[in-house]
Amino acid sequence: MGLLDDIDEVLIPEATLHARIRELGAQISSDYEGKDPLLIGILTGAVLFIADLLRQITIPAHLDFMAISSYGSATESSGVVRILKDLNQTIEGRHVLVVDDIVDTGLTMDYLLETLKARYPASLRVCALLDKASRRKRHVPIHYRGFEIPDKFVVGYGLDYGGTYRNLPFICVLKPEVYR
Ligand code: 5GP
C-alpha cells in the first residue's frame, strides 16, 4: 500500500499551493524591499513551504531555522513549548519573518513571538501557510496567510502524522481508519 491509499480528500492541490506561494513571495518582496529580511523557518513542518517561498522572493533575504517542541498528543498542542534548536544568529535590529506551516490554537506561535520579541528585532511578522482560525485560543497576528482551512487534521507538503506523509506534494485529510 502506498501513501496515496491513506488519503480521504485533497484539500489544497499542488498547483493551488504554488500559485498562492507565488503571490505571497511577491507581496513579501514588495513589503521588505531594502530591508534584508531574515526568514525563520520552524522545523520540521515548514521546510517544504519555506523552500518554495524563498524561491519566490526576489529581494535579498536571509534564512535561519528554529526547532521547537510543543508538548501534547499527536494532534493537540498544549502551549508548553521548548526550544530544541535555536537560531544561528542574533536578531536584534533585524526584520524578522517567522514562517510556519500552520497556526491552529495559536499557543505555539504566541509563545514563539514572545520569545523573539524579547530579542529586540526591528520588526516581527508571521507568514503561515495554513490558518485554522476556528480553533484559535490565543490571538496571533498573521501578516501573510496562505489559506484558511476548516477544523480538520491535515497532512502533506511538510505536515506529518506520526512523522509520515510530509512528502505528499499537496494538503490533504487522511482516512479515519489511518488513526485507528
Ligand atoms: P498550535 O499551537 O497553533 O495549536 O499548533 C501548532 C502546531 O501543531 C503546528 O505547527 C503543527 O505542528 C501542529 N498542527 C496543528 N494542526 C495540525 C494539522 O492539522 N496537521 C498537522 N500535521 N499538524 C498540525
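The values are calculated or read from the model by the stated rules, or taken from the named source; none is laboratory data. Note that this is a predicted model, so its numbers are computed, not measured. Backbone-built Cβ (ideal geometry, glycine too); neighbour counts: all protein chains shown. When the accessible area is computed, the model is the full protein with side chains, heavy atoms only, and any ligands, DNA or RNA have been set aside. Shrake-Rupley method; radii C 1.70, N 1.55, O 1.52, S 1.80 Å.
Here are some notes:
- Anisotropy class of the stretch 1-128 from Cα gyration tensor, a/c 1.5 cut: oblate
- Within the accessible area of the chain, the carbon and sulfur atoms contribute 50%, probe 1.4 Å, all protein chains present.
- The overall shape of the stretch 87-177, judged from the alpha-carbon gyration tensor, is prolate: a/c is not under 1.5, and a/b is greater than b/c.
- Heavy-atom surface of the stretch 1-133, accessible at 1.4 Å and reported per residue (Å²): 47
- In nm, spacing of pseudo-spin labels at Asn167 and Leu43 (7 Å Cα→C-beta vector): 2.0
- Evaluating 6.51 cos²θ - 1.76 cosθ + 1.60 at θ = phi - 60° for every residue in the stretch 61-69, the Karplus couplings come out as 8, 9, 10, 8, 9, 10, 10, 10, 10 Hz, glycine and proline recorded as x.
- Here the Karplus curve 6.51 cos²θ - 1.76 cosθ + 1.60, taken at θ = phi - 60°, turns the phi angles of the stretch 163-173 into couplings of x, 9, 6, 5, 7, 5, x, 9, 9, 9, 10 Hz, with x standing for Gly and Pro.
- Less than 5 angstrom separates the built amide H of Ile7 from those of Lys175, all sequence-distant by 5 or more or on a different chain.
- Once the Cα-Cα distance is subtracted from the 0.36 nm per residue extended length, the Leu63 to Asp160 segment shows a gain of 32.7 nm.
- Charge tally in the Cβ shell below 9 Å around Gly79, where Lys, Arg are +1 and Asp, Glu are -1, Gly79 excluded: +1
- Maximal additional length on extending the Ala51-Ser30 stretch stands at 5.7 nm, based on 0.36 nm per residue less the C-alpha distance.
- Estimated [θ] at 222 nm from DSSP helical runs (n ≥ 4, -39500 (n - 2.57)) normalised by residues in the chain, nearest 500: -6500 deg cm²/dmol
- Peptide ranges 174-180, 151-157 listed from the most packed, as the mean C-beta count within 10 angstrom indicates: 151-157, 174-180
- Taking label positions 7 Å along the Cα-Cβ direction at both Asp5 and Arg82, the computed distance is 3.7 nm, reported to one decimal.
- Global form of the stretch 1-69, assessed from the alpha-carbon gyration tensor, a/c cut-off 1.5: oblate
- His143-Arg180 pseudo-label distance in nm [points 7 Å out on the Cα-to-Cβ vector]: 4.7
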